[in-house]
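This report concerns only the one structure given below.
Each reported figure results from applying straightforward, stated rules to the coordinates on display, with no laboratory input. Computed from a predicted model, the values in this text were never measured in an experiment. Cβ placement follows ideal geometry from the backbone for every residue including glycine, while neighbour counts extend to all protein chains displayed.
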């Protein structure tokens with residue numbers, strides 16, 4: 001017998017009836033369970049509203065900063081303006097990705113376009129890395145041959161930029177930052193805020209001491225921050241694309257936890273991944289002791305995954321250990337000789353988990 005259950009936030013709606021099948025003379029220990037649920041602290045419409053407000057503010061200020069940076073011959077200001085351009089692009093990408101990911105699943109895209117947000121986050125990370133490489137080259141060149149910098153204009157523009165970026169950081173902090181997509185845009189703007197602070201300090205140094213190389217040094221500080229933020233975004237988005245387990249979840253420890261449940265004999269083909277940021281998913285093949293209640297085991301395991309690991313999108317295939325049925329064979333279960341769970345699947349993926357100490 002096969003059972004499928006689907007629900008949100010751990011809810012379950014069975015579509016098969018075990019008793020009905022038994023009344024027909026069949027006793028099966030095979031069930032599939034599937035439950036899923038997603039929750040966000042901030043509604044998508046609210047997220048888009050905060051992002052649009054930040055985009056308008058950034059775009060207007062960026063145009064002013066470019067003009068002043070050229071007049072003052074400040075690479076720090078021009079680099080900040082370039083970074084603000086990537087900020088604006090990152091927000092546009094985030095808005096487009098949010099719209100795409102909200103589309104329902106259809107056709108060959110069985111998860112919909114939810115990973116459009118991860119593509120956006122990875123694009124944000126890559127642009128940060130590329131921009132940091134260009135700015136590092138320019139900064140080193142200006143360290144060798146520093147041009148004259150108008151410190152007064154730099155300080156005034158940088159201080160106003162700090163105010164603008166503080167407002168933008170506040171706007172994006174109101175959105176749902178558990179989304180890697182929004183976190184990418186947030187990191188862009190946060191890095192820009194730090195860059196403006198470094199630029200203001202360098203402008204004061206130039207203004208008070210005439211040390212023109214301070215402008216290039218400030219740019220290198222911004223470069224370091226951009227490298228850190230960009231590397232983090234590329235790494236996290238890459239983990240999702242490579243189907244890695246969510247950060248903080250140890251698949252071996254989770255498998256050992258599941259196999260310690262009552263009546264569970266073995267767990268294999270355990271896979272944990274993220275559909276998109278904040279939406280972990282799991283699938284596994286569960287072997288239950290002969291005569292055990294497969295459906296009860298599945299419900300208990302799904303409850304454990306939801307309550308202790310936050311995994312509400314779980315698909316579990318549950319069988320009685322030793323069940324080897326051909327399509328035309330009627331299965332019977334009883335208390336016969338102890339079956340060998342190692343022969344249940346010839347080609348398992350990943351470690352096999354059994355009660356007691358074992359190798360992973």
Contact order relative to length for region 44-241, counting C-alpha pairs under 8 Å separated by 6 or more residues, stands in percent at 31 percent
For 185-192, 250-257, ranked highest to lowest by mean beta-carbon neighbours within 10 Å, the order is 185-192, 250-257
Taking the alpha-carbon centre of each part, the distance from region 54-127 to region 245-287 in Å is 35 Å
By the C-alpha gyration tensor axes a ≥ b ≥ c (rounded if a/c is under 1.5, else prolate when a/b exceeds b/c, else oblate), the shape of region 44-241 is prolate
Ranked from fewest to most other Cβ atoms within 10 Å of their own Cβ, 242, 62, 226 fall in the order 242, 62, 226
Heads up, region 46-161 by the C-alpha gyration tensor (a ≥ b ≥ c square roots of eigenvalues; a/c under 1.5 rounded, else a/b over b/c prolate, else oblate) looks oblate
Note on region 171-291: contact order normalised by length, alpha-carbon pairs under 8 Å, 6 or more apart, percent, works out to 19 percent
